[in-house]
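Heads up, the thing below is written out as C-alpha cells.
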Amino acid sequence: MTWLYRLWCLLHIQTTSRRLADRKIERFEKNITKRGAVPETVVKKGDDYPVGPLLLGFFVFVVIGSSLFQIIRTATGGGL
C-alpha cells in the first residue's frame, strides 16, 4: 500500500469490516511482490532418475522381449 493511503487510513475512523478488508488487501499485495521468488534450496537439482536402474532394466526387458516374441510369432505364421 502506498504511504498516502496508510495516512488516510490513520486519519479516518474505519469500521471493523473495512479494517479486516484492508489487512487482507495488504497481505495479498505482499504475496504479489513475492511471486516467483523461490529460494534455491527448494528447487531440486541433480541428475537423479525418478525410477531405479533395476526397475528401468525390467521395463526395457519386458518391452523389447515382448516385441521380439511378437516378431518371431508373426514370422512363423502363428500370429494375428
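What the table below lists for this structure:
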quantity	calculated
Filter result for Leu80 (surrounded by 10 or more Cβ atoms within 10 Å (Cβ to Cβ), modelled with pLDDT under 85 and either of a type in the set (A, V, I, L, M) or in contact with a strand residue (DSSP E or B) (Cβ under 8 Å, 6 or more places away or on another chain) (or both))	no
Thr33 in contact with a Leu (Cβ under 9 Å, 6 or more places away or on another chain) and either under 30 Å from Thr2 (Cβ atoms) or at pLDDT 70 or above (or both)	no
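The values are calculated or read from the model by the stated rules, or taken from the named source; none is laboratory data. Every value quoted in this text rests on a predicted model; they were computed, and no experiment measured them. A quick note on method: Cβ atoms are made from the backbone with ideal geometry, for glycine too, and the neighbour counts reach across all protein chains shown.
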